[in-house]
1. Would you mind working out the magnitude of the charge dipole of the range 29-82 relative to its Cα centre, with +1 at each Lys and Arg C-beta and -1 at each Asp and Glu C-beta, to the nearest 20 Debye?
2. What does the accessible area of LEU96 come to, in Å² to the nearest 10, when a probe of 1.4 Å is used?
3. For the range 66-123, report the accessible area per residue in Å² (1.4 Å probe, heavy atoms, rounded to an integer).
Amino acid sequence: TIAELSTNDPIVRSGYRLRQGLYQISSAGSRSYIERMEHYVQAAHDAVSEGDVYDDIDPVELFATLHTMHLGCHLLSDALGQDLFVHETRSWRMMLRGIVPPEKLAYFQEFVTRVARQYTPPV
């Protein structure tokens, strides 16, 4: 959903670009990152407690890795003029292999496929 908004909604897309530049000139960019981090770290804690990710994963490290992955997908798709959803889908499929227990991997892989199908135009 985030990828869809940041690709197709001009206001959200502009916001992403402004926030990336804001880090360089103002502390507001850092505050934005910290606010998002708190939300996603809580979600990572929940995923650990529910057994959806390995219990030895540090939620702060997971957030930092996922945030880096997401930013990298944006930068790469913008730089190469390629579909953000293709990059996000590929990255999530690989990431899931390292964070999700084997008995839940098929479910989450299928979830990524279903979500990607909603946002990827037919070829």
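1. Values: 2 positive and 10 negative charges, 78 e Å.
Charge dipole of the range 29-82: 380 debye, to the nearest 20.
2. 10 Å²
3. Details: 3650 Å² over 58 residues.
Dividing the accessible area of the range 66-123 by its residue count gives 63 Å².
The values are calculated or read from the model by the stated rules, or taken from the named source; none is laboratory data. On a predicted model such as this, the values are computed, not experimentally measured, just so you know. Note that each Cβ is placed from the backbone with ideal geometry, even for glycine, and that neighbours are counted across all protein chains shown. For accessibility, only protein heavy atoms count, side chains too; no ligands or nucleic acids. Shrake-Rupley method; radii C 1.70, N 1.55, O 1.52, S 1.80 Å.
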